[in-house]
Every structure is written in structure tokens, then in C-alpha cells.
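**Q** Dropping a structure here in C-alpha cells format, bear with me for questions.
What follows draws every value from the coordinates through simple rules; no lab data is involved. Worth saying up front: this structure is predicted, and the values here are computed from it rather than measured. Note: ideal-geometry Cβ built from the backbone for every residue, glycine included; neighbour counts use all protein chains shown.
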Amino acid sequence: MTTTKQRRDLVLSAIAVGLSAVTVLTCSALGGRKAAYGPERPATSVAETQPPPLPTPSATASVGPEVEDDPASGVGLWAGADNLGVSEEGNAIPRLPRFYGALARLASGLRHDHVRIVWLGDSHTQADVWTHAVRSKLQEEFGNGGPGFIHIGWDTYGYRHEYVGLRVSGGWSIRPITLVSVTQVEDGVFGLGGVRLVPRGLDSMASLIVSPKGLPGKGLWDLAYRFTSEDGKLVVKINGSERRLEANARSLGRIQHEQFETSGPGGTLAVEQAWGKPELFGVVVESADKHGVVLDTLGLNGARVRSALSWDETTWVSELARREPDLVVLAFGTNESSNVKLKGELHTERLKKLLARVRKAAPNTDCLIFGPIDRGGEQYSDVIERINEAQKAAATELGCGFWDGQQAMGGKGSMQRWAMMSPPLGGGDRVHLYPRGYQKLGQMLARDMLAGYHAGIPAE
């Protein structure tokens, strides 16, 4: 008899294999951007047409100032050494003082807000398997702050989120139509998650159902959307209660946020009856009655660092600032490795540009660069090694932590070994991993992060 866990692993394995095929389609489609959109025309940046929106505090931000740390007691402080040692796989334990300090204040009751992680990456991230392995370990120790960012209106390209059910019916469009692009598409406004979903008619409906495991208590839901026509309307239902959103001249063409509360545990948000093709940029779901860790999964199949740089900077920076992240993780490199002639210096410069945007949005956030995992084929494995070297150099220069995915797997050639294990951890395409492989890597990183945290907490 097949157990529930076995059935789940089979489903996740199918998703991993599907992502392998979609990556090939996505990457090859990048060359067809002109054909997909017709003749190119100069794109008008939002920054040229309107003043930048001010960063808005997160829905769960505390009321009043945080309680001050007590240096004498050491409570709520993190004071780790410059060198925290290495893991058994040879990775340096990440030194993330601001992030660990936020966890320390949360654990000691001095912080009255969630500790937030924003994780950008490619298909490995989009599957929300290694990200959930990190999320679950941190939430187990510091509290469940909710599932974080979730796309609504999207259930293709293998998109999924742990503890969340996605339902889509009727006609929907996704922009960019190839999911990612290395050059700006249209006005470049794709919200925090890099895509926008557009219902095409009154029969277009979408919902997301968060399970009690993902949201054990009361919830705050933050829907990001935009009207681009004066007749724009949208009906939103939250646990059956209906709210109608309508366009107005003052906010036309700008990303707006509508917030909802639920009594929990779990909850359902649905959008329907759309007029004027409103655009949806995702929903953030967080706990309203207990503070904890929230990890936003912002992965896109086929993405590169250049993909994130193609988004309109002003609006993306504003949306990231709204999240008030304590840690931003950048996990790119697998798709870049398809270019066996890639120059490490060029890749480093692109990472610096993306991190400059991150710090514009969140000057006090910590950053962690997650170097790409190994890839089958000697030439690709060599490129992955060069990319990791370039990313490590960028991390050192910019004051970020660095964690080498290839090193964690066992170095060059490890993808082949992982694929030949019984049961296999590496996928048949020698690019992706099976769910158990992603879970293993996520657990390794969570272990190293927790080791770094505990290395700087005073003994009781």
C-alpha cells in the first residue's frame, strides 16, 4: 500500500522532472522575445511617469518602538566571531550578524515583528522544496510567521508552494509570456515576484488555500494588484467574505495593496469577476497573532541574475522595501552555466548591481549568496565551479555570506554521484534534484545557519 509520504514524494518527483523540461523551453524561448511581442518600442519606465511610491511598513509591523536590548545581560544580542568555522562538507558557516541578531531578539521577546527572509532564484527555488526545508527548520525553533509570498492566478511551469493549494479556472495571461527575460518587457513592472497574472474575462477565477500547518492562527493577507483601465474592477473573497476593488484616476497604473484579516487557522483568498483586465502581483500571507520566521519564495524557472535586473527598478525596490527583510538570499547560476564561456567578472558585476538594488530597498538587511549546485557534464561542472568562485568573491567584497551548493553536494562531479544513489537524489536531467535531494540541501543550509546563530548567543 502506498503511504501518504510516498504519494507526496511521487508528486514532487513529477514536478521536478516537469521543471527540467520547462527549463529547456524557457531558456530557448528567451531568444524569441521580439517575435512574441512584435516590433520593439521604447518602454516607458514607471519612474518617468510618476513619483516613486514611498515604502509602506509591512502589515504585521509592530505598533510602537521595539524594546531596547540590554547589553549588560546579553539578551537579544548576537556576538559571533569573524570566523565561525566550516561545515562537514567544507562550507564556511554563514556569518549573518543582523539576521542572527533579529532572531535573537525574536527568541528573547524583544522583537515585536516577524523575521523575514526574501529568497530569489531560479527553478530550484520556484519548487519551494529546499526553501521550505530552511523555512520549516527556522520556524520550528523561532515560530511560524506564515507562508509569506504566494502567486495567485498561476499554476503552470510547475509553480507550487508548500502548505498552499492553488486553483485557477477560466482564461489567464502571464507576463512575461516566457516567464523570464533578460531584457525589459513592456514597462518592466512585475511586482516583487517577477511576474504578473491577468484574468482575461468574467469567468476567470483563482484562489489560494493555505492549510492550518502553513498558518496555524490568525492571518493577515496582503494582495498586490494594479488597474490599467478606468473600468477596472475585481471581486476578492476572503473566507467567503466579499470585497469589491475598483479603479480610480489617482492610482491608475500603480501597484496597490489591499489587506484582509482571517481568524484562522488556515484560510482561502479568491479573486473573480474581473473587469478591465486587472493585474495581480501576488499575495503575502503572515501570522497576525504570533511572531515568527517568514520566508518568501521568489524563484522563476529559467531565471538568471539578468532576469531580476530587467524588472523596473523603482517599483521592485519599493515592493521589496515593503517587506522589510532581515535577510535576502540570491540563488542564481544554474542557467548562467549554460554559457560555457561565461566570464566570472561579468557575472560578479551583475550580482553587484542586483545587491545594490536590494540595499536601496533594505539598507540594514543581511545578504546570503547561495552558489549554484553541481551540474552533469564535465564542462558544465567546470562552469559551475567558476560561477561559485565569482559569487564567493562578490560576497566577500560586498559583506554577504556565501554558501556553495556544489561544495555541499561534494564538489565537481557530485551531480552524477547523486543521480546514481539509491534512491537517487539527483534528477535524470543532471540539472535538477529530486525532492529528497532538495530537502537534503535545504536541511544542510538550515543546519549551518542555526550553527552560526548559536555560535554568537551567550550561554545561559
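**Q** Tell me which residues come under 5 Å, amide H to amide H, from Phe149 once H is placed; ignore anything under 5 positions away on its chain.
**A** Val285, Asp296, Thr297
**Q** I would also like to ask the following. So what are the ³J(HN,Hα) numbers for segment 361-372, from phi and the Karplus equation (6.51, -1.76, 1.60; θ = phi - 60°), rounded to whole Hz, Gly and Pro as x?
**A** Couplings: 7, 9, x, 9, 6, 8, 10, 10, 9, 9, x, x Hz.
**Q** Amide H neighbours of Met205 under 5 Å, counting only residues 5+ apart in sequence or on other chains, H built in-plane at 1.01 Å?
**A** Correct list: Ser169, Gly170.
**Q** Sorting check: for 90-99, 281-290, which peptide has the highest mean count of neighbouring beta carbons within 10 Å, and how do the rest follow?
**A** 281-290, 90-99
**Q** Let me know the whole percent of all Cα-Cα pairs from segment 247-292 that are separated by more than 12 Å.
**A** The answer is 73 percent, as a whole percent.
**Q** Residue-wise, which Karplus ³J(HN,Hα) couplings in Hz belong to segment 396-401, taking 6.51 cos²θ - 1.76 cosθ + 1.60, θ = phi - 60°, and x for glycine or proline?
**A** Karplus values, whole Hz, x for Gly and Pro: 4, 5, 9, x, 9, x.
**Q** Shifting gears a bit: Using 0.36 nm times the number of residues separating Met420 and Asp231, minus their current alpha carbon distance, what extension gain do you get?
**A** Length gained, Met420 through Asp231: 62.3 nm.
**Q** Taking only the alpha carbons of segment 106-237, what extent do you get along each of the three principal axes, in Å, biggest first?
**A** Per principal axis, max minus min of the Cα coordinates gives 49, 35, 25 Å.
**Q** A further question follows. Report the residues of segment 117-132 in range of a label on Asn364: point 7 Å along Cα→C-beta, backbone N strictly under 18 Å from it.
**A** The answer is 117-118, whose backbone nitrogens lie closer than 18 Å to the label point.
**Q** List the residues whose amide H sits under 5 Å from the amide H of Asn144, counting only those 5 or more places along or on another chain, with H placed 1.01 Å from N in the peptide plane.
**A** Close amide H contacts, sequence-distant or interchain: Val293.
**Q** What whole-number distance in Å separates the alpha-carbon centres of segment 228-251 and segment 362-409?
**A** A separation of 43 Å, based on Cα centres.
**Q** Go ahead and run the numbers for FRET between Leu202 and Ser338, Cβ-Cβ distance against an R0 of 41 Å, rounding to 0.05.
**A** With a Förster radius of 41 Å, E is 0.45.
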